[in-house]
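**Q** Dropping the structure in here first, questions after.
The values are calculated or read from the model by the stated rules, or taken from the named source; none is laboratory data. What you see is a predicted model; the values in this text were computed from it and never measured. Ideal geometry is used to build each Cβ from the backbone, glycine not excepted, and the neighbour counts take in all protein chains shown. Protein only, heavy atoms only, side chains kept; ligands, DNA and RNA dropped before computing areas. Shrake-Rupley method; radii C 1.70, N 1.55, O 1.52, S 1.80 Å.
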Amino acid sequence: MRPHDFWRLADRLTANEKNPEGFRSAISRAYYAAFLTAVDFLASMNISLLGGSGVHIELLNILGNTGDAALLIARDSLDTLRKQRNKADYDLTNKRVESEADAIIDLKDAFDVIAELNRCRLDKPRFAAVSAATRIWVKKLRGVP
């Protein structure tokens with residue numbers, strides 16, 4: 001299975017489950033598609049996350065320190081998607097995440113995050129620079145000399 005499969009599921013949910021639970025589920029799956037793509041992106045640099053309850057914040061912290069302006073924008077979008085996913089999954093009083101319009105916006109935003117991560121990975125000089133800067137940041141973050 002690939003992370004993009006979750007994005008395709010979110011797309012199908014948005015198109016075919018036009019109800020609150022369908023839109024909430026689409027928002028959640030869209031976020032996880034982008035999140036798991038970002039995890040794979042870091043893995044391609046030989047960087048793994050420590051895991052645990054802070055894994056989502058750890059990922060955002062690392063993506064925010066790549067030295068790449070476009071990846072910083074993608075990181076901010078991923079953070080917004082995470083917040084939307086939390087509302088969709090945990091706040092049943094929030095009716096905004098039960099709308100088709102919100103699901104479509106989040107689906108597009110997740111696609112844009114995935115696309116930017118893939119653009120970086122395919123641009124060899126850019127990816128090499130991002131990898132070097134990110135590895136330095138992760139060492140500093142984890143207190144590794």
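**Q** Out of Ala33, Ala43, I need the residue that is among the hydrophobic types (A, V, I, L, M, F, W, C), closer than 24 Å to Asn16 by Cα and open to solvent by less than 60 Å² (accessible area, probe 1.4 Å). Which one?
**A** Ala33
**Q** Same structure again: Using the structure shown, decide if Arg24 is in contact (Cβ under 8 Å) with a residue 12 or more places away in the chain and among the basic types (Lys, Arg).
**A** So Arg24 passes the test.
**Q** Can you find, within the range 35-53, the residue that is farthest from the chain's Cα centre (by Cα) among those that are farther than 24 Å from Pro125 by Cβ and in a helix (DSSP H, G or I)?
**A** Selected residue: Leu36.
**Q** Name the residue that is farthest from Gln84 (Cα to Cα), counting only residues in the range 1-18 that are without any contact (Cβ under 8 Å) to a residue 12 or more places away in the chain and in a loop (DSSP other than H, G, I, E, B).
**A** Result: Met1.
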